[in-house]
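Derivation of every value follows stated rules applied to the coordinates shown; laboratory data play no part. All figures in this text were calculated on a predicted structure; none of them were measured in a lab. Every residue, glycine as well, gets a Cβ built from its backbone with ideal geometry; the counts of neighbours run over all protein chains shown.
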Amino acid sequence: MERTIGFKERRYIEELRILTRATAVDCVIDEKFDRIIYLIHPGDMGLAIGKGGENSKKLQKALGKKIEMVEYADDLRTFIENVFKPAEISNIGVREDSKTVDVFVRRKADLGIAIGKGGANIEKARILLRRFFHQDIGDVSASGGEAGE
């Protein structure tokens with residue numbers, strides 16, 4: 001897992017720790033959507049978000065950028081579920097080339113949430129999957145999943 005964390009990212013991670021007492025595994029600055037994506041250490045999401053989202057709002061105000069948080073997981077399926085929350089993922093399929101992952105949402109209503117406004121959630125998934133698993137997002141659809149479609 002090759003990742004480089006620059007000065008800005010380290011500064012943002014430290015700011016998160018100071019304001020929320022939560023630990024970030026990594027931080028990505030997404031210029032395209034003008035946001036900072038934090039990968040939060042497993043178990044620290046409650047601290048990072050705070051009661052009623054208080055901590056994430058403070059952080060957003062202090063940094064002047066939109067903040068998004070994803071709980072890190074070593075397991076690919078759990079990681080993808082965390083990236084696409086609150087959309088409910090029913091299944092994932094790794095293609096034969098093993099570099100592309102297809103994601104299936106449980107309900108059609110979750111498809112819009114999974115894609116995000118202007119494709120923001122898909123782009124977040126692409127960035128994070130490339131960075132941590134060296135894989136890419138293929139199709140995101142509401143078909144081909146398990147029960148409950």
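On the given criteria, is S90 in contact with a Gly (Cβ under 8 Å, 6 or more places away or on another chain), touching a residue at least 12 places away in the same chain (Cβ under 8 Å), outside any helix (DSSP H, G or I) and of a type in the set (S, T, Y)?
Yes; evaluated as a whole, the condition is true for this residue.
Would you mind finding the one in I18, I37, I13 that is over 18 Å from the mean Cα position of the chain (by Cα) and of a type in the set (A, V, I, L, M, F, W, C)?
The unique qualifying residue is I18.
Can you pull out the residues in the range 64-83 that are in a helix (DSSP H, G or I), more than 18 Å from A48 (Cα to Cα) and of a type outside the set (V, I, T)?
Once the filter is applied, which keeps residues that are in a helix (DSSP H, G or I), more than 18 Å from A48 (Cα to Cα) and of a type outside the set (V, I, T), the range 64-83 yields L76, R77, E81.
Can you find a residue that is hydrophobic (A, V, I, L, M, F, W, C) and free of Cβ contacts under 8 Å to residues at least 12 places away in the same chain anywhere in the range 17-39?
Yes, that holds for at least one residue.
When you go through (1) more than 24 Å from I137 (Cβ to Cβ); (2) over 15 Å from the mean Cα position of the chain (by Cα); (3) touching a residue at least 12 places away in the same chain (Cβ under 8 Å) one by one for K99, which number turns out not to apply?
(1)
Tally the residues that are over 25 Å from R35 (Cβ atoms) and surrounded by fewer than 17 Cβ atoms within 10 Å (Cβ to Cβ), restricting the search to the range 76-101.
Let us first name the residues in the range 76-101 that are over 25 Å from R35 (Cβ atoms), namely 90-91, 93-99.
Within this subset, residues satisfying the condition of being surrounded by fewer than 17 Cβ atoms within 10 Å (Cβ to Cβ) are 91, 93-99.
The number of residues fulfilling the criteria is 8.
Could you check the range 46-67 and list, in sequence order, the residues that are buried (at least 18 other Cβ atoms within 10 Å of the Cβ) and either closer than 27 Å to D136 by Cα or aliphatic (A, V, I, L, M) (or both)? Give the steps one after another, and end with the answer.
First, pick out the residues of the range 46-67 that are buried (at least 18 other Cβ atoms within 10 Å of the Cβ): 48-49, 55-56, 59, 67.
Residues satisfying the conditions are A48, I49, L59, I67.
(1) surrounded by fewer than 16 Cβ atoms within 10 Å (Cβ to Cβ); (2) assigned to a helix (DSSP H, G or I): which one isn't true of L16, the others all being true?
Only one criterion is unmet by L16, namely (1).
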